[in-house]
Amino acid sequence: MGNKHTEERKPSRTKTPTFQLELPLVADAGQVARLGAHLEVGRQFYNALLSAGQRRLRRMRADPAWQVARAIPRTQKQERRAAFSALRESYGFSEYAFHDLAKALRVSWLAEHLDAVLAQTLASRAYRALNRVCLGKARRVRFKSKSRGLSSIQNKRSDTSMRFVLEPGAAGRPQGYLLWHHDRLRALIDWDDPVVSHGLAHEIKYARLVRRRASSSRAQGADREGERYFVQLVLTGQPHHKPRHTIGTDTIGLDLGPQSLAIVPRQAEARLVPLCAELRPDAQAIRRLQRKMDRQRRAANPEHYDDKGRPKKRAKGIAYKAWQKRYGRSVGRCAPGMLIDHLRRTVASTGGTLHEVPTRTTKLSQYCHGCGAFVPKPLWQRWHQCPCGVGPVQRDLYSAFLAAFLDPAADCIPSCAQYVIPWEGAEARLLAAHERATQRAKEGQVMPRSMGIPRAGARLPKSPSEATQELLFLSSRGKVEAWKHRPEPSRL
Ligand SMILES: [Zn+2]
């Protein structure tokens, strides 16, 4: 819509590196009541935006022009795009139109609780949620219930409205406050924590208020409702690297499976680790629940399943998509998408390069460097053992080894000759890595079956639902260890 939006748009679209820092807030009873009231208004406002936006989306999709636009082949990119953007324009289905909508909806008493700029970020949020539905990436939007409430609200600038400030404090150390309306919420700052002091030395892009339910109302820092408040600062720059995560120069091959990760550096010790081991004990219960849902789904949509109840095949997308579809269950449980994102960011921030090896063309999981043969392994086969004399070696570790010595300059195509010398040094390391994993399993850690560790009394599984690797990474000159030990990145 008008030009006036283009300048408002800029702050959120500039692509400077960004990281986050979260600090707990101290709020007294009066502040808690006011925060609760503001967030409640925010919730109602967000729901109103969703509801109005949903009407726009429905009307737009009901327009015959929508079907016409959909019928334009994807090869005619420009025409397709033009048709859709004309529709979006006329039905007001765009981020800017939602900002206007927010302006219209933010009236009288609402305005006392909700600053214009926060209303705008809520409008962007509602638009993004609806746009996912529009693009077929989500089935529906989620209205915020009164009981769960709005758990966060954010600004998009740091000079007005809700913002974080540092002021001179006791012992020569600055004290930080989140300012919102007339309240000043003190942040608990541990200046001795290098992560905190590093973060606060950087420019703040904007602040986000986060409300989380504490385990009980008696939990430290919780208010009477059992809720805790935090400020998340979105900062310009790179996150802190703890000194123990010194940046190395080795090249590391990674084989990421849905349940395990094989890490094989060219030089150092190799490792085979399960992903999200702490989540696994519940896996059976979750699986039971999912099977129940699955049965219900089959009953409701019989046309998507063949006569044996198997889902009908769909076209495969990129490797990761295919991987996600194939191993949906274990992928969901172990969230490798987040891991990959984290890996990508970490490698980038240490000055390394992350090469994602195309699994379909490289087929490292089938390759044998001894004879150069590509032999597909059934999923239940955890070991690489070739008549030519290579192996036995755990297949994920072997793939990671192959990845570590790939040459991106040679299109990541493996050749027998390049592996002869590396293999001499690596074989023992790979066996040792598997040995250590076996040892941890004996000590009681639950390991996924794909790691090829025999369990006492367990029959040999041959179920195709068990998963192995599909994605391979080659990370050169970057220390990959860092992401493993650092806490999860805070979610947006
Ligand atoms: Zn061979």
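The values are calculated or read from the model by the stated rules, or taken from the named source; none is laboratory data. Since this is a predicted model, take the numbers as computed values, not measurements. Note: ideal-geometry Cβ built from the backbone for every residue, glycine included; neighbour counts use all protein chains shown.
Against the numbered list (1) modelled with pLDDT of 90 or more; (2) more than 30 Å from His198 (Cα to Cα); (3) surrounded by fewer than 19 Cβ atoms within 10 Å (Cβ to Cβ), Glu7 comes up short only at (1). The conditions of being touching a strand residue (DSSP E or B) at 6+ places or on another chain (Cβ under 6 Å), touching a residue at least 12 places away in the same chain (Cβ under 8 Å) and either more than 16 Å from the ligand (Cβ to nearest atom) or part of a helix (DSSP H, G or I) (or both) are not met by Ala426.
Residue-wise test of (1) modelled with pLDDT of 85 or more; (2) not in a strand (DSSP E or B).
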{"residue": "Ser217", "(1), (2)": "no, yes"}
{"residue": "Ala222", "(1), (2)": "no, yes"}
{"residue": "Glu225", "(1), (2)": "no, yes"}
{"residue": "Asp255", "(1), (2)": "no, no"}
{"residue": "Ala262", "(1), (2)": "yes, no"}
{"residue": "Arg280", "(1), (2)": "no, yes"}
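Can Phe45 be described as farther than 19 Å from Ala102 by Cβ and modelled with pLDDT of 90 or more? For Phe45, the condition - farther than 19 Å from Ala102 by Cβ and modelled with pLDDT of 90 or more - is not met. Filtering region 171-183 to residues that are more than 19 Å from Val117 (Cβ to Cβ) and assigned to a strand (DSSP E or B) leaves Gln175, Gly176.
Restricting attention to region 344-393, the residues that are of a type in the set (Val, Ile, Thr), within 12 Å of the ligand (Cβ to nearest atom) and closer than 18 Å to Phe405 by Cβ total 2. Would you say His181 is out of contact with any strand residue (DSSP E or B) (no Cβ under 8 Å at 6 or more places or on another chain) and either in the same structural domain as Leu114 (by TED's automatic domain parsing) or of a type in the set (Phe, Trp, Tyr) (or both)? It is true that His181 is out of contact with any strand residue (DSSP E or B) (no Cβ under 8 Å at 6 or more places or on another chain) and either in the same structural domain as Leu114 (by TED's automatic domain parsing) or of a type in the set (Phe, Trp, Tyr) (or both). The residues of region 391-417 that are touching a residue at least 24 places away in the same chain (Cβ under 8 Å), in a helix (DSSP H, G or I) and more than 16 Å from Ser450 (Cα to Cα), listed by number, are Phe401, Leu402, Ala403, Ala404, Pro408, Cys416. Count of region 145-176 residues, restricted to those that are surrounded by fewer than 19 Cβ atoms within 10 Å (Cβ to Cβ) and touching a Lys or Arg at 6+ places or on another chain (Cβ under 6 Å), is 3.
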